[in-house]
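One structure is given here, and the rest of the page talks about it.
The values are calculated or read from the model by the stated rules, or taken from the named source; none is laboratory data. Not measured: the values here are computed from a predicted model. Glycine also receives a Cβ, built like all others from the backbone with ideal geometry; neighbour counts cover every protein chain displayed.
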């Protein structure tokens, strides 16, 4: 039974992540470009028009969303298992359990996935002349290893660990809203009929709201992480990068790319979480 539950959460997480990534992938590329040091700080719509008319700035196919998000099934499986274990140590399904479980899952996922995300970021920031062939994921990984060695795949990991706070905030808000929604559903006259479309739409809204709040609160680490992953940059360490950005560009630079991030993450979170909950509901023990 334990193995079945783990496989269920892996499958549901992989499917939901893939669906969300395919829908919102182009905005992920735009956000990364805005976070990098290669663009001057300018209005988002001006950057969008320039990006769309330049040579291959938005290249959804190179990011391979199905693979990247499919691997993030690890996150949902880790979160579910951690929550199960922590419920035996703390008050079951309390805020502390949700935050700690989210933190553990984020730590595990970031540690395992950083090399993949590093390659993804390099591909998104790659600039080539018109007509020149761009590297695929394998070529990019080989080039990265040749130039920076194995540790090059772990650049930006400290910033990812700092971003665990975003995940903890997101899941705390989401689980609280989910619990309140469950309470309302139990008092509904149609509660015995099982979950309906409106229930999953409510979960989608709860996830979108949770991710939006968490992204706004913890966004600066994303800019620092992208800078650390730039090729041949002057950014070396987490605090050194933060200090350079603040001194040279001002504190507003820590929120570069926030608009496309929110446009991407809010619907993406709604799609991912609601799809995940739907799959678990349909395939799990009701």
*Of the numbered conditions (1) closer than 23 Å to residue 30 by Cα; (2) within 18 Å of the chain's Cα centre (by Cα), residue 105 fails exactly one; give the number of that condition.*
(1)
*Which numbered condition trips up residue 212, out of (1) surrounded by fewer than 18 Cβ atoms within 10 Å (Cβ to Cβ); (2) modelled with pLDDT of 90 or more; (3) within 15 Å of the chain's Cα centre (by Cα)?*
(1)
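When you check residue 277 against the structure, is it modelled with pLDDT under 90 and under 20 Å from residue 160 (Cβ atoms), yes or no?
Details: modelled with pLDDT under 90: yes; under 20 Å from residue 160 (Cβ atoms): no.
In short, no.
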*asked:* Tell me whether the range 181-192 contains one or more residues that are touching a helix residue (DSSP H, G or I) at 6+ places or on another chain (Cβ under 9 Å) and buried (at least 20 other Cβ atoms within 10 Å of the Cβ).
replied: no
*Working only within the range 252-286, note down all residues that are over 18 Å from the mean Cα position of the chain (by Cα) and more than 21 Å from residue 102 (Cβ to Cβ).*
252, 253, 282, 283, 285, 286
*Confirm whether residue 160 is crowded, with 18+ Cβ neighbours inside 10 Å and in contact with a helix residue (DSSP H, G or I) (Cβ under 9 Å, 6 or more places away or on another chain).*
yes
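When you go through 217, 262, 244, 203 one by one, which is the residue that is exposed (fewer than 14 other Cβ atoms within 10 Å of the Cβ) and over 21 Å from residue 126 (Cα atoms)?
217
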